[in-house]
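To start, the structure itself, in structure tokens.
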Amino acid sequence: GLNTPFYNASHVAWRAHVRKHVQAELEPVAGDWDAAAVSGDDAKAEAFFRRAYLASCKAGIVQSLCGQPWPARFTDVAAPEGYTAFHELITLEEVFRVGVGVGWHTEGAAIGLPPVWTFGIPGNPELEERCAREVLSGSKIACLAVTEPTGGSDVAGLQTTALDDGNGHFIVSGEKKWITNGIYADFLTVAVRTGGPGNSGLSMLLIERNSPGLQVRKMLCQGVWASGTTFVTFEDVRVPKSNLIGELNEGFKQIMYNFNHERWALAAQAVRLARTCLEESIRHARTRKTFGKFLVEHQVIQHKLCEMGRACESLQSWMESITFQLCTMTKEEQNLKLGGHIALLKVHSTKLCEFCAREAMQIFGGIGYTRTGKGEKVERIYRELRPIAIGGGSEEIMLNLAATQFRFVERRSPDPRDKRIAELQEELRKLRASGDEGRAKL
């Protein structure tokens with residue numbers, strides 16, 4: 001109800017459109033979808049997923065979550081008037097009212113498609129067109145496969161290999177873990193090692209699900225059941241070299257290029273979850289009676305609500321400030337200037353959401369510990385927050401990234417061991433030189 005410099009009539013109309021979609025397609029089935037996924041009724045869970053995904057594509061929800069600009073080249077769905085990052089923020093705010101697992105039915109496309117059309121598939125533009133169009137039409141599913149059993153945040157250390165067989169194919173071998181939407185995916189955007197160690201030896205391939213030797217299996221996780229968290233195995237999978245995304249050994253740059261957007265979106269999801277905890281707590285406190293009066297009349301509850309409210313309001317302002325930067329900077333400028341800011345925003349949003357989920361659980365009491373009824377949303381948020389706090393870069397990695405980007409340490413203190421190492425290296429150099437001189441005389 002307050003004035004804002006960020007939103008106009010187009011944003012109001014888009015929020016109404018997305019909210020109507022969420023209320024019709026996602027909220028009514030969220031509980032049953034969760035139950036099917038966690039109970040092992042995989043066929044029913046997949047039916048929920050594909051039905052929701054198709055509806056979200058038809059409504060432009062998926063298209064609006066793939067970053068800027070609107071992917072008009074690959075979809076017939078029209079963008080909202082004056083489409084900006086604030087429209088995407090609104091989509092995130094509305095979709096994630098239902099929680100992370102259900103909200104993440106869009107995640108595979110949101111992070112798996114941008115590398116495909118940003119860097120292209122020079123050797124097979126027809127595949128690029130087919131993948132993007134089919135995924136945005138809702139007939140096919142995509143996912144991003146980077147994280148491995150041996151590490152996630154350390155992208156440069158990934159071990160899945162793609163060896164050139166000399167006959168027009170890469171032979172891909174390795175494993176990927178915690179891959180969102182992977183069990184449903186028809187297209188996998190996969191980070192592989194095509195060169196030497198470190199970040200200079202990485203590439204990205206678009207691999208189709210029906211490739212022989214590619215296997216997927218659902219992982220049993222604490223939450224986000226509806227999203228289909230997946231373990232992917234590549235056993236000598238033959239992938240045409242023409243499926244290379246962008247250029248050979250440029251994969252690290254491609255992965256990093258979209259990280260700011262992914263982390264901003266995860267932060268927005270956490271902000272929405274925190275606000276949902278506050279909203280549900282107020283609604284419950286106004287109707288629940290204890291000791292002869294409504295819960296909200298108790299001062300201790302009022303204080304809890306106010307603490308949650310002040311935190312949510314400040315975080316929302318920070319989120320909108322960063323979103324404004326996304327609207328006014330080029331992608332290159334964003335990646336140069338916003339990495340540290342978005343890293344801190346992500347950390348703050350997940351920590352705040354954790355606080356709000358705990359406080360909401362206290363306000364709801366036993367009702368909030370139950371997967372059905374009035375406390376259903378709070379229970380789900382409490383259970384599902386961790387993947388946002390860890391995924392896209394853990395809180396600890398984000399803090400390190402921010403400290404580096406802001407150059408907190410201008411000059412590293414000298415380490416006494418460095419001097420001794422230099423002395424030993426010089427001694428070794430002299431020994432080798434004397435050895436070479438001796439062999440020369442012989």
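The values are calculated or read from the model by the stated rules, or taken from the named source; none is laboratory data. Being a predicted model, the structure only gives us computed values, none of them experimental. Note that each Cβ is placed from the backbone with ideal geometry, even for glycine, and that neighbours are counted across all protein chains shown.
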Subject >> Members of the range 125-149 found to be in contact with a Leu (Cβ under 8 Å, 6 or more places away or on another chain) and surrounded by fewer than 17 Cβ atoms within 10 Å (Cβ to Cβ), listed by number >> reply: Ser139
Original post:
Taking the range 30-50 on its own, how many of its residues are over 14 Å from Trp104 (Cα atoms) and surrounded by fewer than 20 Cβ atoms within 10 Å (Cβ to Cβ)?
Top reply: 11
Original post:
Looking at the range 329-442, what helices (runs of 4 or more DSSP H) fall wholly within it and have at least 3 residues that are of a type in the set (Gly, Ala, Ser)?
Top reply: 339-364, 416-441
**OP:** Taking the options Pro115, Pro122, Pro80, Pro69, name whichever one is out of contact with any Cys (no Cβ under 8 Å at 6 or more places or on another chain), within 30 Å of Ile397 (Cβ to Cβ) and touching a residue at least 60 places away in the same chain (Cβ under 8 Å).
**Re:** Pro115
Original post:
Has the range 103-113 got at least one residue that is hydrophobic (A, V, I, L, M, F, W, C) and more than 14 Å from the chain's Cα centre (by Cα)?
Top reply: no
Subject >> Hits in the range 14-29 - residues which are surrounded by 13 or more Cβ atoms within 10 Å (Cβ to Cβ) and assigned to a helix (DSSP H, G or I) >> reply: Trp14, Arg15, His17, Val18, Arg19, His21, Val22, Gln23, Glu25, Leu26
**OP:** Please find, within the range 78-92, the residue that is nearest to the chain's Cα centre (by Cα) out of those that are surrounded by fewer than 19 Cβ atoms within 10 Å (Cβ to Cβ) and of a type in the set (A, V, I, L, M, F, W, C).
**Re:** Ala79
Original post:
Tally time: how many residues in the range 51-77 are loosely packed, with under 15 Cβ neighbours inside 10 Å and not in a helix (DSSP H, G or I)?
Top reply: 2
**OP:** Select from the range 366-384 the residues that are touching a Cys at 6+ places or on another chain (Cβ under 9 Å) and of a type in the set (A, V, I, L, M) and write down the one among them that is nearest to Arg283 (Cα to Cα).
**Re:** Val378
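Which residues, counting only those in the range 293-328, are surrounded by fewer than 16 Cβ atoms within 10 Å (Cβ to Cβ) and either assigned to a loop (DSSP other than H, G, I, E, B) or in contact with a Cys (Cβ under 8 Å, 6 or more places away or on another chain) (or both)?
Scanning the range 293-328 gives a single hit, His298.
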**OP:** Being of a type outside the set (Ser, Thr, Tyr), surrounded by fewer than 16 Cβ atoms within 10 Å (Cβ to Cβ), farther than 21 Å from Ala36 by Cα and out of contact with any Gly (no Cβ under 6 Å at 6 or more places or on another chain) narrows it down to one of Gly393, Gly373, Gly366, so name that one.
**Re:** Gly366
**OP:** Kindly check whether there is at least one residue in the range 313-327 that is of a type in the set (Val, Ile, Thr) and farther than 21 Å from Met398 by Cα.
**Re:** no
Subject >> Single match in Leu26, Leu65, Leu2, Leu54 (criterion: outside the structural domain of Thr370 (by TED's automatic domain parsing), modelled with pLDDT under 95 and among the aliphatic types (A, V, I, L, M)) >> reply: Leu2
Subject >> Ala162 buried (at least 17 other Cβ atoms within 10 Å of the Cβ) and either assigned to a loop (DSSP other than H, G, I, E, B) or more than 21 Å from the chain's Cα centre (by Cα) (or both) >> reply: yes
